[in-house]
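These notes are about the structure you will find just below.
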Amino acid sequence: MPNKDTSSLNTSTISGSNPFKNSKVSIMNKVMPFLLFLCAIVSVLTTVGIVITLATETYQFFKHIPIFDFLFGTKWSPLIPPKSYGILPLLGGTLLITVIACLVAVPIGLASAIYLSEYAPKSVRKVIKPILEVLAGVPTIVYGYFALSFVTPIIQFFFNSAGIFNALSAGIVVGIMIIPMVSSLSEDAMSAVPRSLRDGAYALGATRFEVALKIVVPAAFSGIVASAVLAFSRAIGETMIVTLAAGSTPNLTVNPLDSIQTMTAYIVQVSLGDTPHGSLEYGSIFAVGMTLFVITFLLNILAQYVARRFREEY
């Protein structure tokens, strides 16, 4: 004969009400996914808003300036007559700074990663790695003044033709700034290489350096290349260092001792408030910004492709 309580429980379940259901938990289960979705969608909507703004203003700019003259013109002078809107000097200056920065950051960052991953004792790694990553938290304006007041005088000591504003000083300091990105990401990739691969190489008589160079680095190659591409992308978008140390002369040159102007530095120059809003000169910053956006977007896609293409799964 069924118990009276059991009978009551069965009756409640059949009628649709769950006696064990917590109403507060049920509300949270319904509300929290929605709130988390809103937080996630903010970044997507922000990106869409940026793209729409850039595309709209860029379209208005290209209604007056032919896109061919913009992409292949060798003179950039939108503020001083005779006005010209060829972006190659800005693009060349940006690439010159970026190449110098990568020549500094990639070898030093990779060597630091190899040391931290393969040579440094655990106690040393715990100290050095956080200190190295502190460099990433230093404001870029500080790096800019460091380039101007410390690195530039050294360059002028060795090269008399170097001016106060030059690409070499800015490129070196941008490279110093992105060293933590290269070293940290590369060290993470190397640490993920299984210990058994190292032990196998040691068993065959390899030295520690040979293990690092011929086993660990190739096994972590996808992560290393991805870190280098991301560092390249970060260097292209750097603003304050190049604004302070590289000057504001849009020269199409490969001489690192010359003063140049990058795309980001030009955007800063025009955004200071002297240029009337809605003018063609003002619209040029959106065209330059769109060019910068496309370059960094393609580089990020390249980094993801390289990471997937050369990924080794163990």
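The values are calculated or read from the model by the stated rules, or taken from the named source; none is laboratory data. Model, not experiment: these values are computed from the prediction. Using ideal geometry, Cβ is built from the backbone for each residue, glycine included, and neighbour counts are taken over all protein chains shown. Surface accessibility is based on the protein's heavy atoms, side chains included, excluding ligands, DNA and RNA. Shrake-Rupley method; radii C 1.70, N 1.55, O 1.52, S 1.80 Å.
Table for the structure above
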| item | result |
| --- | --- |
| Options Ala170, Ala203, Ala246: the member that is without any contact (Cβ under 8 Å) to a residue 12 or more places away in the chain, among the small types (Gly, Ala, Ser) and either closer than 22 Å to Val142 by Cβ or surrounded by fewer than 22 Cβ atoms within 10 Å (Cβ to Cβ) (or both) | Ala203 |
| Every residue from region 252-276 that is modelled with pLDDT under 85 and either of a type outside the set (A, V, I, L, M, F, W, C) or open to solvent by 40 Å² or more (accessible area, probe 1.4 Å) (or both) | Gln269, Ser271, Leu272, Gly273, Asp274, Thr275, Pro276 |
| Those residues of region 177-200 which are more than 16 Å from Ser112 (Cα to Cα) and either part of a helix (DSSP H, G or I) or open to solvent by less than 30 Å² (accessible area, probe 1.4 Å) (or both), in sequence order | Val193, Arg195, Ser196, Leu197, Arg198, Asp199, Gly200 |
| Region 14-41 residues that are part of a loop (DSSP other than H, G, I, E, B), paired with ones that are of a type in the set (Gly, Ala, Ser) and at pLDDT 85 or above (beta carbon under 6 Å, 6 or more apart) | none |
| Inter-residue pairs, beta-carbon under 9 Å, first on the phi > 0 side of the Ramachandran plot and among the aromatic types (Phe, Trp, Tyr) and in region 175-195, second surrounded by 22 or more Cβ atoms within 10 Å (Cβ to Cβ) and assigned to a loop (DSSP other than H, G, I, E, B), 6+ apart | none |
| Residue satisfying condition, being assigned to a helix (DSSP H, G or I) and open to solvent by 50 Å² or more (accessible area, probe 1.4 Å), within set Leu96, Leu71, Leu90 | Leu71 |
| Leading residue by the ranking (surrounded by the most Cβ atoms within 10 Å (Cβ to Cβ)) among those in region 209-224 that are β-branched (Val, Ile, Thr) and touching a residue at least 24 places away in the same chain (Cβ under 8 Å) | Ile224 |
| Residue list for region 100-118, restricted to those being open to solvent by 70 Å² or more (accessible area, probe 1.4 Å) and either farther than 19 Å from Val193 by Cβ or touching a Phe, Trp or Tyr at 6+ places or on another chain (Cβ under 9 Å) (or both) | Leu103, Pro107, Ile108 |
| Failed condition for Ser279, given (1) open to solvent by less than 60 Å² (accessible area, probe 1.4 Å); (2) under 21 Å from the mean Cα position of the chain (by Cα); (3) free of Cβ contacts under 8 Å to residues at least 40 places away in the same chain | (2) |
